[in-house]
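For reference, the structure discussed in these notes is given below.
Where a number appears in this text, it was derived from the coordinates with a stated rule and is not lab data. All of these numbers come straight from a predicted model, not from anything done at the bench. A quick note on method: Cβ atoms are made from the backbone with ideal geometry, for glycine too, and the neighbour counts reach across all protein chains shown.
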There are 2 protein chains.
Amino acid sequence: MPNIYNNILSQLPEEVFSNLLSSGSIRIERILSTGQTSPETGWYDQHEHEWVIVLQGAGELTFANSDVINLKPGDYLNIPAHTHHKVSWTDPMQVTVWLAVFYT
Amino acid sequence: MPNIYNNILSQLPEEVFSNLLSSGSIRIERILSTGQTSPETGWYDQHEHEWVIVLQGAGELTFANSDVINLKPGDYLNIPAHTHHKVSWTDPMQVTVWLAVFYT
């Protein structure tokens with residue numbers, strides 16, 4: 001049985017993206033971070049919509065309109081395509097597990 | 001900030017389905033159960049594919065081909081459209097939180 005909490009190293013040199021499902025219309029990813037921010041410069045500007053939930057740990061998203069959103073386990077939000085944003089902080093003391101659903 | 005663990009009663013007279021996202025191509029639902037099985041008779045025969053993960057609690061799915069799958073927190077699986085299945089058990093002692101992504 002695949003489990004989203006399997007194969008998590010306690011320290012990660014960089015963010016780890018794992019594809020959990022890929023179909024014509026959607027893509028489901030697990031993202032692991034420990035202190036990383038992304039992208040390193042600039043903003044994400046995605047052509048897909050993204051619904052994302054934090055399952056473990058803590059993170060912060062910053063949007064180009066200056067909104068800052070802190071996420072703890074269970075918090076979720078929808079990021080429409082081309083909404084400029086970045087991961088401005090993730091907890092350096094634990095692995096943050098994000099579940100992201102990309103769709104068009 | 002919406003949180004998937006908010007507004008959970010400790011006892012539920014029946015399963016509770018909440019729509020978290022609905023778009024042209026996908027639908028994301030939270031499903032809560034405490035001991036319920038579903039559907040009451042027969043099988044689910046869905047025209048959409050369903051990717052589902054248990055976030056809290058425990059459940060069991062039974063498939064028409066006799067496969068029985070037990071799920072604990074973090075376990076996930078994909079159920080292709082028209083795969084006959086049912087929720088054959090959920091933990092009666094706690095609320096089980098399912099996150100389901102329906103897509104075509």
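Volume per residue, Å³, of the convex hull around the alpha-carbon atoms of the protein assembly as shown?
Details: hull volume 25.6 nm³, N = 208.
Dividing the Cα hull volume of the protein assembly as shown by its residue count gives 123 Å³.
In order along region B:10-18, the phi-based Karplus estimate (6.51 cos²θ - 1.76 cosθ + 1.60, θ = phi - 60°) of 3J(HN,Hα) comes to 6, 10, 10, x, 8, 4, 10, 10, 10 Hz; Gly and Pro are listed as x. With θ taken as phi - 60° and the Karplus curve 6.51 cos²θ - 1.76 cosθ + 1.60 applied, the whole-hertz 3J(HN,Hα) list for region B:67-83 is 4, 10, 10, 9, 10, 10, x, x, 6, 9, 7, 10, 10, x, 3, 6, 8 Hz, x standing for glycine and proline.
Testing the spin-label approximation: label points 7 Å from Cα along Cα→Cβ at B:His47 and B:Ser23. State their distance in nm. In this crude spin-label approximation the distance works out to 2.2 nm.
Dipole check for region A:30-101: with +1 at the C-beta of Lys and Arg, -1 at the C-beta of Asp and Glu, and the Cα centre as origin, the magnitude is about 160 Debye. With no solvent and one point on each alpha carbon, what is the Debye value of log10 I(q)/I(0) for chain A at q = 0.15, 0.16, 0.20 Å⁻¹? Once normalised to I(0) and log-transformed, intensities are -0.59, -0.68, -1.08. Can you give me the Cα centroid spacing of region B:1-55 and region A:25-104 in angstrom? If you average the Cα positions of each part, the centres end up 23 Å apart. Closest approach of a chain A Cβ to the axis relating A and B (residue, whole Å): A:Ser25, 2. If you plug the beta carbon distance of A:Gln11 and A:Glu40 into 1/(1 + (r/R0)^6) with R0 = 22 Å, you get a FRET efficiency near 0.70.
Near B:Ala81, the amide H atoms lying under 5 Å from its own belong to B:His49, B:Glu50; only residues 5 or more places off or on other chains count, and H is placed 1.01 Å from N.
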